[in-house]
Amino acid sequence: MTAVDTVTFEVASAALQSAAEEMGSVLKRSSYSPIIRDMDDFSCALFTAEGDLVAQADYIPAQLGAMSLVVQAILRRWRDRVSEGDAFICNHPYQGAMHLPDVNIVTPIFFGGELIAWAGTAAHHIDVGGVNPGSEGPELGELYGEGVVIPPIRLSIAGEENEDLVALFSENFRDPLSTLSDLRAQRASCHLGAERVHELVALYGVDELLEVMQRMLVSVETTVGRLLDGMADGAGEAEGCLDDDGRDGAPTRIHARVEKRGGRLSIDLSGCDPQTAGAMNIPWASARAALVYAVRTVIAPGVSANDGLLRVLDITAPEGTVVNPLPPAAVSIRHNSCQRLADTLIRAMYGIWPELAVASSQVSFFSFNIGSTHPRTGAPSVMADVVGGGTGATALGDGLDGVDTYMANVGVMPTEVVETNYNVRVRRTEFRPGSQGRGAFNGGLGLVREYEVLEHPQHATFYAEQTDARFAPAGAAGGEAALPTTITVIGPDGAVIDQPRKTSRVLQPGTIVRVETGGGGGYGDPAERSEELRAWDEREGRFASPGRNSERPAHAAAAAEPTERN
Amino acid sequence: MHGHVAPQQNRNTATGTGSGETTKEPNMTAPQWTISIDAGGTFTDAIARSSAGVIREAKVASTPEDPSLGLRNAVAALEQQGVLLPDVALVCHGTTVATNATLTGALGRAALVTTAGFRDVLGYRQQNRPDVYSLMPRRPAELIPRVLRFEIDQRHDSAGRELAPVDREQLDEIIAELREAKPEAIAVSFLFSYLNDAHEREVGDALRGAFPGTPVTLSSEVAREFREYPRTATTAINAALRPIVEAYLGRAGAALAASGVGSPLLVMQSNGGCVPAERAGADAHRLVLSGPAGGVAGLAALAESLDEPNLISLDMGGTSTDVCLLRGGAIPFTTVQEVQDHTLLAPTVDIHTIGAGGGSIARIDRAGSLKVGPASAKAVPGPACYGRGGVEPTISDAHVVLGTLGAGELAGGLVIDRDLAEAAVRRIAEPLSMSVEEGAEAILAIGLAHMVRAVRKVSVERGLDAREFSLVPFGGAGPLHAGLILRHMALKQAIIPLRPGLFAADGLLVAGLKLDSSQTVLAEADPERIPEISAWFDATAADASEQLLRDGVGEDRVVFAASADCRYRGQGFELNIPLDGWDDAELLRLPERFHAMHEERYGHSNAAEPVEIVTVRLTTTGEIDRTRERVAPVPRRDLTPEAVVGHRDVLLPGYGRTRTAVIERSALAAGTEFEGPAIIQQMDATSVILPEQRVRVASTLDLIVTEPTRDEADR
């Protein structure tokens, strides 16, 4: 590599990267839905003309690892008919997308009449129709009930918005204003990406820029290959289970076997259970995203993320399994399964390289969707919230408290945003002391959040994984597992109704839904935890809450208190 | 309507740029001397200006263990140059005390009192991880430990109505526990206090009564804004900084008094305006960018003095570079920033910072690519060429190898060693099969790419045409890259200020006093709500002018800038819309302005949708001193032979070894014009001019550097 090449490559690839980041900031700041603007459940990237992802803004790995398949699905359907000014939309889980609420908007980038690249965004929309508000339902068995299925079609045709499609969406989505505005924000973000690519073409020339894009892929492929080559050869396997099949059935087995030889890594998922009756299935785009995520975090965390990484992997994932289901199997709760798959893959790799091991992070991914109304305007809207938990401890220290984990990085909805936008009250959001796995270093803490339904009956869908202690976040190197997650529904009279794992139901006003999420696993022998850290645990109330918290009435009693309403 | 409403072009300018004739009136109580002191990480810079136009400069080593010693030394150095300290009327001070405390986590021991069930919001923050691909993340810094976070039963709803009163019994218990815990400061943050602060005030009064010596900060006082995490974090940052900032400002005041300075002390805030030291502590969270804000205030003054309203600063020190874009003479602001893992809500000059400075280290990564920064050799050991133990190659070492930095003495008594620089650069050149010179060129090219990217980020990437902007390089290492950046980016010109190394200190002097007020409204922009909003502006403006008058600002020097943060109902982020005053007609125009700005900024708008006013803001500026001269035409003259102090061979990127004149800046008279290549040296900086670039010395002695023809430079 000559000095000039090094410099041009460095500069132009950094500019593509910053263009992707800029796309993200436009989308975040001009979108309507709290799940995008406050919780960052979206992603942005730039692709080659053939649909290889070259640069991304690091938001949600679960979406990023999948988006290139959408571009490829568009090409399959439209190849010679793509024109400048088109904007494609797609949420079809069997045509490159993930689950229906994650809607992709992708625009082609032309130069001199030639298709040279694509700009794409994926964002979680609060509702795309279907049986349940929020377009998710663990109990659903077929895609058709989950929402409106959109194959790769054109939201804009040669610069004009497709009126028919907008009319169709307006009649099928529960909050069409927010959803359509968010789709337009996605399209604006893609336009910005295209503009930046054009500026780079003007600066470096089209052939040079395309060469830079190809080299970005090769550079990641080479780097990951070299890193693999420098590591010990070997094989490892791991198993992880989902609590059920989405319909309160038996646990679903996720299994991964990995083998590393030279500069290549093979991943075999044929030990996974067949596809599930409920909506726990992982469409292939999402499973592929999990592979990319797991390999990158274990082998090459410092390497930039693009599809070059896939080139060093040999993958086996039989059709008809939970990680590669056949249509029309339902997939809306796929993210929970996907997190479980990422955790299992990571632990399988630790079988080859135990020196890299860290304890498991929680993968409960508690989600709370509710068809509510705006307290000021009374307009119907759908709230979608996610509550995180602890990450696994490492050889270097304790895990993180109260965060989203692995392939997701979604924020918790601020209490003031919840109460301003929905007829829902958040009674508390705080750490869950004692939820962490013990070790020389302890896992991070889980969270406790309580929602109270106000004013009128509201249709809610909420669910979590790892409610079964057998499948709770695992420790590493002798560390202990963390607590499982618990969901409790308390009626307006203060009595506990039930403790569901996954449910869709109508909640009466005054009903409280409480989630207590799992912590992270511990690392190392708990007996080896230092005196200093033990003193800190004690002082900070990390196992029990001294001082004010202990004086607060116990949970059930708190729920029995009369609730103020205005 | 109010009499002092600022014309819109004055919005957000700390210096009151272009605010008209009133500022030109001689002030009968004009100070004999004003002093400005910028205490940075390595040096403490000071400038004194007399009303007779005399200027004195001093540069002394900073004393990080107690920066007030450096202050004292700087003042003593000015005294030695004939500044009569008892005649000093005003001292302006830029400080990194708050910056360093947040960066190193050496914060004060604060306690938090919050709504029951929400004390851990400082722990889970927004639930996001900074790096999604790391399985070995660093735990975020903690503002207030859990043991000092107290909860109390009380609650308001999202309309600000009381759901439950403050539990007085619990309050008594908390006070008893605080007596034991003895925190240095107390923060109070309740849900929805931006709508109704009654409970915060009730608890605040009780705490202030119980702990008269302990500062108590209410979230409704420091960050009256929507969303509990950023508001609570800001309140906590304020409380944790207050003890440190107040103690320091006390020492600084005492040090100045001991030196014989009897004048008031003003402190630069992150918003580019000053505030009297006795009030700075209460707003300690607003000092986090005090240092760089001086440079930005200086930039605004330069814009006025040169009549060049469109400027991009490149403030380059040892470890980082701050870039700021001034458009139409107005300083850009942001209201949110990230400070050590936490969100801080405070009006702040909008600076883009990159990890590339003179001390940025060059390394070869695992893929075999050459990377420069963000690791830095810092002040210790410093670049290899300083001979203080540094061995890794830095941007400064690359300059020494190329000859753009000559061997000899630098400010602060450091001697440059060329052999050490070469040895360092060889560490990356050999593995890449390059000569030492090629290696140095590669380091500089990549470092330059970072700088160009930063300049593009604030200009081109925000949809602005960089050709309308002039680059202003300052700080120790900025002018070294003036010619190179001008060559690599289509800019109007580069302006190298008279004292690049002292520019930030000089900026402190021209910044006015400034007060920011804001109020979350969360109302649709409909005629019914307008009177209430204009009443808030009226009342706030009256309070602010009264405060500035008490601070000694003349009534005719108070300037207001009003604005409103708006969004479509349903959106989560706002756009700040400047207002030309706040009469009803102006406020009613807000939706229309919002649609236009949304279209400009984000590429789409929705004129049929209702617009919500989220927060209204009023900035009140009081001008204190205007001594900068205006640029004037000056006859062209040639470079005098005396100004050329020598020649040396320099490897100029793109030109190879080039015989280059070395010019002494202090010998350059106004009006002088010459062509590059040239190295211009002065006490505090070295400027590099490429072949064919033209240099003109303005009447203000600032250097104006231009490319021969813009068309060629575009590529």
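Which of the residues belonging to the range B:128-140 are out of contact with any Leu (no Cβ under 8 Å at 6 or more places or on another chain), facing chain A (nearest Cβ under 7 Å) and not hydrophobic (A, V, I, L, M, F, W, C)?
Let us first name the residues in the range B:128-140 that are out of contact with any Leu (no Cβ under 8 Å at 6 or more places or on another chain), namely B:128, B:130-135, B:138.
Still in the list and also facing chain A (nearest Cβ under 7 Å): B:128, B:132-135.
Those that are out of contact with any Leu (no Cβ under 8 Å at 6 or more places or on another chain), facing chain A (nearest Cβ under 7 Å) and not hydrophobic (A, V, I, L, M, F, W, C): B:Asn128, B:Tyr133, B:Ser134.
Counting only residues that are surrounded by fewer than 17 Cβ atoms within 10 Å (Cβ to Cβ), of a type in the set (Lys, Arg) and either at the interface with chain B (Cβ under 10 Å from one of its Cβ atoms) or within 26 Å of A:Val387 (Cα to Cα) (or both), how many does the range A:513-547 have? Break it down into steps so the answer makes sense when it comes.
Narrowing the range A:513-547 to residues surrounded by fewer than 17 Cβ atoms within 10 Å (Cβ to Cβ): A:525, A:527-528, A:530-536, A:538-539, A:543-544, A:546.
From what's left, of a type in the set (Lys, Arg): A:534, A:539.
Now narrow it down to the ones that are either at the interface with chain B (Cβ under 10 Å from one of its Cβ atoms) or within 26 Å of A:Val387 (Cα to Cα) (or both): A:539.
Number satisfying all stated conditions: 1.
Of all positions in the range A:505-512, none carries a residue that is facing chain B (nearest Cβ under 9 Å) and at pLDDT 95 or above.
Restricting B:Val121, B:Val75, B:Val88, B:Val113 to those that are within 14 Å of chain A (Cβ to nearest Cβ), touching a Ser or Thr at 6+ places or on another chain (Cβ under 6 Å) and in contact (Cβ under 8 Å) with a residue 40 or more places away in the chain reduces the list to B:Val121. Picking from residues in the range B:51-64 that are of a type in the set (A, V, I, L, M, F, W, C) and not in a loop (DSSP other than H, G, I, E, B), the one that is farthest from B:Ala258 (Cα to Cα) is B:Ile55.
Among the residues of the range A:309-323, write down those that are of a type outside the set (Ser, Thr, Tyr) and farther than 11 Å from A:Ala287 by Cβ. Working first, answer last.
First, pick out the residues of the range A:309-323 that are of a type outside the set (Ser, Thr, Tyr): A:309-315, A:317-320, A:322-323.
Matches in the range A:309-323: A:Leu309, A:Leu310, A:Arg311, A:Val312, A:Leu313, A:Asp314, A:Pro318, A:Glu319, A:Gly320.
Only residues that are in a loop (DSSP other than H, G, I, E, B) and under 16 Å from A:Ala123 (Cβ atoms) were counted in the range A:153-190, giving 2. Counting only residues that are more than 8 Å from every other protein chain (Cβ to nearest Cβ) and either under 19 Å from the mean Cα position of the chain (by Cα) or farther than 19 Å from A:Ala305 by Cβ (or both), the range A:5-22 holds 4 of them.
Here are some residues: B:Glu586, B:Glu599. Which one is within 14 Å of chain A (Cβ to nearest Cβ) and not hydroxyl-bearing (Ser, Thr, Tyr)?
None of the other options fit; the residue is B:Glu599.
Here the range B:588-621 is the region considered, the condition is being part of a loop (DSSP other than H, G, I, E, B) and under 24 Å from A:Ser189 (Cα atoms), and the residue that is modelled with the lowest pLDDT is B:Gly603. Among the candidates A:Pro375, A:Pro473, the residue that is assigned to a loop (DSSP other than H, G, I, E, B) and modelled with pLDDT under 95 is uniquely A:Pro375. Screening A:Gly271 against (1) surrounded by 24 or more Cβ atoms within 10 Å (Cβ to Cβ); (2) not in a helix (DSSP H, G or I) leaves a single unmet condition, (1).
May I ask you to verify whether A:Ala20 is touching a residue at least 12 places away in the same chain (Cβ under 8 Å), small (Gly, Ala, Ser), crowded, with 23+ Cβ neighbours inside 10 Å and under 18 Å from A:Val201 (Cβ atoms)?
On the way: touching a residue at least 12 places away in the same chain (Cβ under 8 Å): yes; small (Gly, Ala, Ser): yes; crowded, with 23+ Cβ neighbours inside 10 Å: yes; under 18 Å from A:Val201 (Cβ atoms): yes.
The answer is yes for A:Ala20.
A search for C-beta distances below 6 Å between a residue of the range B:354-366 that is more than 14 Å from every other protein chain (Cβ to nearest Cβ) and touching a residue at least 40 places away in the same chain (Cβ under 8 Å) and any residue that is assigned to a loop (DSSP other than H, G, I, E, B) and of a type in the set (Gly, Ala, Ser), counting only pairs 6+ apart in sequence or on different chains, returns B:Gly357/B:Gly317; B:Gly357/B:Gly318; B:Gly357/B:Ser320; B:Gly358/B:Gly318; B:Gly358/B:Ala477; B:Gly359/B:Gly318; B:Gly359/B:Ala377. Listed by first and then second residue, the pairs with beta-carbon distance under 7 Å, at least 6 apart or on different chains, first residue in the range B:528-548 and closer than 14 Å to B:Val558 by Cβ, second among the hydroxyl-bearing types (Ser, Thr, Tyr) and not in a helix (DSSP H, G or I), are B:Thr540/B:Ser517; B:Ala541/B:Thr620; B:Ala544/B:Ser517; B:Ala544/B:Thr620; B:Ser545/B:Thr620; B:Leu548/B:Thr620. The set of residues from the range A:385-441 being more than 7 Å from chain B (Cβ to nearest Cβ), within 22 Å of A:Ala544 (Cα to Cα), more than 23 Å from the chain's Cα centre (by Cα) and not in a loop (DSSP other than H, G, I, E, B) comprises just one member, A:Phe441.
Residue by residue, here is whether (1) of a type outside the set (Phe, Trp, Tyr); (2) farther than 16 Å from B:Val688 by Cβ; (3) within 9 Å of chain A (Cβ to nearest Cβ) holds:
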site	(1), (2), (3)
B:Glu441	yes, no, yes
B:Leu444	yes, no, no
B:Gly447	yes, no, no
B:Met451	yes, no, no
B:Val458	yes, yes, no
B:Leu471	yes, no, no
B:Leu480	yes, no, no
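For the range A:95-149, filtering for residues that are within 19 Å of A:Tyr463 (Cβ to Cβ) and part of a strand (DSSP E or B) leaves 3.
Name every residue in the range A:158-183 that is closer than 14 Å to A:Ile105 by Cβ and away from chain B (no Cβ under 14 Å), in order of residue number. Spell out how you get there, then give the answer.
In the first step, residues of the range A:158-183 are kept if they are closer than 14 Å to A:Ile105 by Cβ; the result is A:161-162, A:165-166, A:169, A:179-183.
The answer is A:Asn162, A:Leu165, A:Phe169.
Just so you know, in the range B:161-194 the residues that are within 9 Å of chain A (Cβ to nearest Cβ) and touching a residue at least 60 places away in the same chain (Cβ under 8 Å) include one that is surrounded by the most Cβ atoms within 10 Å (Cβ to Cβ), and it is B:Leu191.
So is A:Asp343 of a type in the set (Asp, Glu) and either closer than 18 Å to A:His92 by Cα or within 14 Å of chain B (Cβ to nearest Cβ) (or both) or not? It is true that A:Asp343 is of a type in the set (Asp, Glu) and either closer than 18 Å to A:His92 by Cα or within 14 Å of chain B (Cβ to nearest Cβ) (or both).
Considering each of B:Ala449, B:Ala421 in turn, give the residue that is within 21 Å of B:Asp315 (Cβ to Cβ) and buried (at least 20 other Cβ atoms within 10 Å of the Cβ). Talk me through it step by step, then tell me what you get.
Details: B:Ala421 fails: within 21 Å of B:Asp315 (Cβ to Cβ).
Step by step, each of B:Ala449, B:Ala421 is checked, and only B:Ala449 is within 21 Å of B:Asp315 (Cβ to Cβ) and buried (at least 20 other Cβ atoms within 10 Å of the Cβ).
Going through (1) within 14 Å of chain B (Cβ to nearest Cβ); (2) part of a helix (DSSP H, G or I); (3) of a type in the set (Gly, Ala, Ser) one by one, A:Gly302 falls short only on (2). Going through (1) surrounded by fewer than 24 Cβ atoms within 10 Å (Cβ to Cβ); (2) part of a helix (DSSP H, G or I); (3) more than 14 Å from every other protein chain (Cβ to nearest Cβ) one by one, B:Ala505 falls short only on (1).
Go through the range B:227-240 and count every residue that is assigned to a helix (DSSP H, G or I) and out of contact with any strand residue (DSSP E or B) (no Cβ under 8 Å at 6 or more places or on another chain). Spell out how you get there, then give the answer.
Initially, the range B:227-240 is screened for residues assigned to a helix (DSSP H, G or I), giving B:228-240.
Next, only the ones that are out of contact with any strand residue (DSSP E or B) (no Cβ under 8 Å at 6 or more places or on another chain) stay: none.
Residues that pass the stated criteria total 0.
Here A:Ser367 clears all of (1) under 25 Å from B:Tyr124 (Cβ atoms); (2) within 12 Å of chain B (Cβ to nearest Cβ); (3) surrounded by fewer than 24 Cβ atoms within 10 Å (Cβ to Cβ) except the condition numbered (2).
For the range A:274-291, the set of residues classified as of a type in the set (A, V, I, L, M, F, W, C) and buried (at least 24 other Cβ atoms within 10 Å of the Cβ) consists of A:Ala279, A:Met280, A:Ile282, A:Ala285, A:Ala287, A:Ala289, A:Ala290, A:Leu291, listed by residue number.
On the basis of being buried (at least 21 other Cβ atoms within 10 Å of the Cβ) and among the basic types (Lys, Arg), does B:Arg327 make the cut? Before the answer, list the steps.
Numbers: buried (at least 21 other Cβ atoms within 10 Å of the Cβ): no; among the basic types (Lys, Arg): yes.
So B:Arg327 does not fit the description; no.
The values are calculated or read from the model by the stated rules, or taken from the named source; none is laboratory data. Just so you know, these numbers come straight off a predicted model, no measurement behind them. Note that each Cβ is placed from the backbone with ideal geometry, even for glycine, and that neighbours are counted across all protein chains shown.
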